[in-house]
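Readers should treat all values here as calculations from the given coordinates under stated rules, not as data from a laboratory. Worth saying up front: this structure is predicted, and the values here are computed from it rather than measured. Here the Cβ positions follow ideal geometry from the backbone for every residue, glycine too, while neighbour counts run over all protein chains shown.
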């Protein structure tokens with residue numbers, strides 16, 4: 001985010017006249033609404049906001065937000081966003097990508113935008129499938145995923161977006177899902193973070209990967225399977241009856257039962273969002289044995305790329321002549337008399 | 001006609017008067033400092049007022065194994081008291097620092113030319129590495145040339161002995177000893193070199209003193225040798241040039257300066273996204289030193305990110321620039337299509353090298369013309385400009401910026417490895433003498449009822465440039481086809497047809513803003529015309545000049561605007577009986593000319609990684625007119 005003067009807008013101000021073309025029931029609708037609801041709360045100015053995307057279902061997103069929008073090419077949105085931020089760091093840039101766009105064809109650029117710490121909000125819509133090309137398996141598809149290109153089931157091990165982002169040096173890692181009522185809070189935290197803020201959003205592809213995340217997003221199981229991390233609060237789930245403790249000898253996490261709310265006695269950890277090691281453990285928890293970690297998992301800012309680079313440039317420019325004629329005539333020259 | 005000694009190199013060693021021009025080739029190991037020696041000799045030549053052209057010819061390996069044939073690095077310079085336009089067909093003088101350098105370069109040396117060899121390096125080990133069965137300095141195999149061999153290694157060691165350097169460090173002064181000898185041979189002032197050495201070794205006075213001692217020793221050796229041997233001092237007079245201030249410039253430098261000048265004329269800050277690649281990296285190296293001119297440079301993670309970041313910066317209101325060589329340009333293709341589709345200004349510099357694939361990374365070629373003109377998916381026309389020489393590249397870069405910003409389009413600027421690395425004297429231009437072409441951004445809604453029409457067009461067919469951050473002008477652009485009126489996504493049949501036509505018409509219309517094609521040398525009609533583009537300018541021009549002096553009816557047309565072509569080019573070419581297109585590829589521009597004008601253009605190709613010689617082109621002229 002940027003230190004912009006907050007301005008008053010409503011959700012209507014962020015809607016375009018474009019007909020939304022996602023499949024009926026697609027999780028993208030819920031994400032779009034969550035973003036449009038969040039932007040007025042952030043005091044964002046549509047004139048100073050840019051949504052940049054790659055290619056895929058998720059990347060149609062900019063057409064539906066009444067701000068500046070750039071629908072670029074497959075996987076490269078992070079590089080476009082980097083150029084935009086270096087040219088005008090005052091712009092508030094949101095980067096929209098998907099699991100195929102961000103982790104397959106664009107894995108390289110995603111790594112570098114995070115590593116450099118370009119001040120953007122990166123929303124990766126993870127539906128574990130290629131939607132727009134009609135259902136092929138993606139780099140986040142679980143082993144055994146049947147698809148038109150893997151009729152016998154995929155055999156390769158999936159990438160974990162949050163682990164990838166942490167590995168790339170990410171300083172803000174959060175996770176949520178399309179229909180979560182807490183998605184706006186996560187987006188606000190991402191926006192408040194100065195630097196590359198990475199948010200994985202589980203998104204239901206109703207056509208090619210329906211209810212893939214139902215085992216933790218469905219209402220009846222949500223409490224028992226969702227662990228919302230909050231800085232300074234104990235890592236509890238299942239209405240406080242279970243928690244996450246550290247098995248210090250094995251250097252791994254464990255699920256423990258909490259009796260009568262006494263989480264301290266059960267050894268439940270307090271979440272520290274600045275602890276990278278803990279963030280790694282939380283995003284790598286195997287689902288099933290563990291709950292799904294959601295919320296702001298890691299938030300520990302460091303200087304942004306553009307502030308470092310443009311600051312260095314400004315220092316290099318200070319006091320130097322901008323007379324090009326003088327520069328051209330410098331060095332070893334000679335004069336031919338007329 | 002100053003490419004070399006006109007009547008043979010005897011002027012160098014014989015009794016005749018001084019020649020108009022001389023070609024000298026310094027050759028040694030990659031680690032011998034031949035490029036540095038050549039560069040400094042170039043500077044002293046320029047300061048002596050000679051016209052000159054250079055040709056650095058080095059291997060792709062940074063430090064190839066010592067003494068090997070493939071590790072030989074050479075620097076050729078042609079200088080004279082008349083106009084010089086090529087680095088010279090054949091050297092008059094070859095300075096060979098070891099057996100490999102002799103072997104690799106001997107076949108280009110003019111018969112009767114002078115070989116100066118470091119006999120100290122012609123030992124058994126080095127002879128074996130160079131695959132010599134016997135020592136060529138001793139077996140009479142060099143009888144066709146004049147040979148001067150002496151132990152430069154030992155002489156250098158002797159000269160720097162007082163400074164107590166280690167053997168290895170002491171031997172590294174050999175290139176300065178050799179340079180000293182060369183400076184004596186051509187009657188050059190040593191002082192600028194001494195000043196340069198003092199500056200270079202400012203933190204190590206011992207090394208400075210040792211190098212200066214080696215330089216002086218080489219110089220003194222020349223004076224002594226003149227008394228006893230075939231070596232003779234030659235003075236090449238200053239060239240009669242237009243009055244003014246001069247300096248030397250390489251293509252990489254002049255392109256960098258031209259881009260900065262262009263950005264200033266457009267009134268824009270400039271953003272350069274690049275990724276290291278030979279031989280294009282030197283442009284990025286130059287631009288990082290020009291930050292005070294509003295330049296932001298970004299070394300991206302790959303070629304695609306380099307162009308993508310530049311397009312992002314253009315979108316945000318900077319002049320976006322990226323540069324690469326063939327393989328990198330191939331990777332940028334998809335993003336170029338996006339710049340065409342979104343109609344954003346962008347300059348793409350291609351320093352061409354031998355291809356395909358990795359090809360010849362350090363050698364020159366012109367084989368990316370198809371790639372530039374045709375090499376994208378969809379109907380994606382992009383203007384293409386080609387620089388003919390290092391100094392011409394300055395104006396070409398400005399022209400590229402003008403077209404990019406006035407027509408809201410990516411522009412490809414073609415140079416090549418030869419132009420990028422070669423140096424020539426340059427009459428320093430006055431940037432204020434160029435006509436500015438200031439950019440105006442859209443600041444208010446341009447449609448009815450306060451709407452924004454991002455693809456409305458002006459008289460040039462260009463759309464408005466709208467910077468994000470401008471109040472009230474929010475809009476969306478992207479790679480999907482759009483409605484010609486509103487700019488909204490629309491891939492209907494009618495919209496795609498109209499938009500394709502509009503994009504083509506816009507680029508075709510650029511021809512109206514470029515100068516009519518002139519005949520570079522000769523008349524507007526006749527029996528034969530040689531049509532060139534890019535760095536073949538020098539050899540074509542000299543060959544045509546020579547042929548015309550012999551009374552042949554041949555002209556030279558050199559084309560800067562490759563796409564769109566100048567409006568009058570077709571009619572001009574139809575005035576000649578024959579059209580011959582010399583280019584360092586298998587006939588790419590020839591294809592474009594045939595396609596555009598139905599003229600019977602014939603190819604004269606060369607893809608050896610070396611520039612054309614004048615003699616090769618002159619022979620082709622003779623054959624065409626036979």
Contact order relative to length for segment A:49-165, counting C-alpha pairs under 8 Å separated by 6 or more residues, stands in percent at 21
Given all pairs of distinct Cα atoms, segment B:143-291 yields a Kirkwood Rh in Å of 18.9
Here the whole-number average of other chain Cβ atoms within 10 Å per Cβ of B:462-471 is 4
Helix A:77-87 sits off the longest principal axis of the Cα atoms of chain A, rounded to the nearest 10 on a 0 to 90 degree scale, by 40
The FRET efficiency for residue B:143 and residue B:63, from their Cβ-Cβ distance with R0 = 41 Å and rounded to 0.05, is 0.75
Cα extents of segment B:323-381 along the principal axes, largest first, in whole Å, come to 35, 18, 15
If each part is reduced to its alpha-carbon centroid, segment A:25-45 and segment A:280-338 end up apart, in Å, by 30
Computed over chain B: longest principal axis from alpha-carbon atoms vs helix B:174-185 long axis, angle to nearest 10 degrees, is 80
Here the residues of segment A:12-56 lying in the modelled label zone of residue B:451, meaning backbone nitrogen under 18 Å from a point 7 Å along Cα-to-Cβ, are A:15-20
DSSP beta bridges in chain B: the antiparallel percent, rounded to 5, is 35
Distance in nm between residue B:151 and residue A:29 label points, each 7 Å along Cα→Cβ, equals 9.2
Averaged over the residues of A:49-55, the number of partner chain Cβ atoms within 10 Å of each residue's own Cβ comes to 3
Segment B:540-609: Kirkwood hydrodynamic radius (Cα pairs, Å) comes out at 13.0
Largest-first semi-axes in Å of the equivalent ellipsoid built from the Cα gyration tensor of segment A:215-298 are 18, 16, 12
The simple spin-label model distance between residue B:460 and residue B:441, using points 7 Å out along Cα→Cβ, in nm, is 1.7
Semi-axes of segment A:88-167 from the Cα gyration tensor (sqrt of 5 times each eigenvalue, largest first, whole Å) come to 28, 13, 8
What the Cα atoms of segment B:243-326 span along the principal axes, largest first and in whole Å, is 44, 30, 20
Expressed in nanometres to one decimal, the distance between label points 7 Å along Cα→Cβ at residue B:200 and residue A:21 is 6.2
Dividing the surface of the Cα convex hull of segment B:276-405 by four yields a projected area in nm² of 7.6
In degrees rounded to 10, the 0-90 angle between helix B:251-266 Cα long axis and the longest Cα principal axis of chain B is 30
extent check for segment A:1-88: Cα max minus min per principal axis, descending, whole Å, gives 37, 30, 19
Computed over segment B:24-148, the Cα gyration tensor eigenvalues, each multiplied by 5 and square-rooted, give semi-axes in Å (largest first) of 25, 17, 11
Mean per-residue count of partner chain Cβ within 10 Å for B:488-496 equals 1
Helix-only [θ] at 222 nm, chain B, -39500 (n - 2.57) per DSSP H run of 4+, per residue, nearest 500, equals -11000 deg cm²/dmol
The answer for the per residue Cα convex hull volume of segment B:402-546, in Å³, is 206
With bins of 10 Å, the percent of all Cα-Cα pairs of chain A per bin from 0 is 5, 24, 31, 21, 10, 4, 3, 1, 0, 0
Rounded to one decimal in Å, the inverse mean reciprocal Cα-Cα distance for segment B:498-586, i.e. its Kirkwood radius, is 14.1
With T = 37 °C, eta = 0.692 mPa s and Kirkwood Rh from C-alpha pairs, the Stokes-Einstein D of segment B:349-488 in µm²/s is about 182
So, relative contact order of segment B:459-524 in percent, Cα under 8 Å, 6 or more apart, is 27
Contact order relative to length for chain A, counting C-alpha pairs under 8 Å separated by 6 or more residues, stands in percent at 15
From the Cα centre of segment B:461-530 to that of segment A:195-253, the distance in Å is 51
Distance in Å, no decimals, from the C-alpha centre of segment B:574-626 to the one of segment B:211-275 is 32
Subtracting the Cα-Cα distance of residue B:518 and residue B:595 from 0.36 nm times their residue separation yields 25.6 nm
Log10 I(q)/I(0) at q = 0.05, 0.11 Å⁻¹ for chain B, from Debye over equal alpha-carbon scatterers, is -0.25, -1.07
Where a ≥ b ≥ c are root eigenvalues of the Cα gyration tensor, a/c under 1.5 meaning rounded, otherwise prolate if a/b exceeds b/c and oblate otherwise, segment B:283-342 counts as oblate
Whole-number value, in Å³ per residue, for the convex hull of the alpha carbons of segment A:37-174 is 106
In whole µm²/s, the translational diffusion coefficient that Stokes-Einstein assigns to the protein assembly as shown, given a Kirkwood hydrodynamic radius over C-alpha pairs, 20 °C and 1.002 mPa s, equals 68
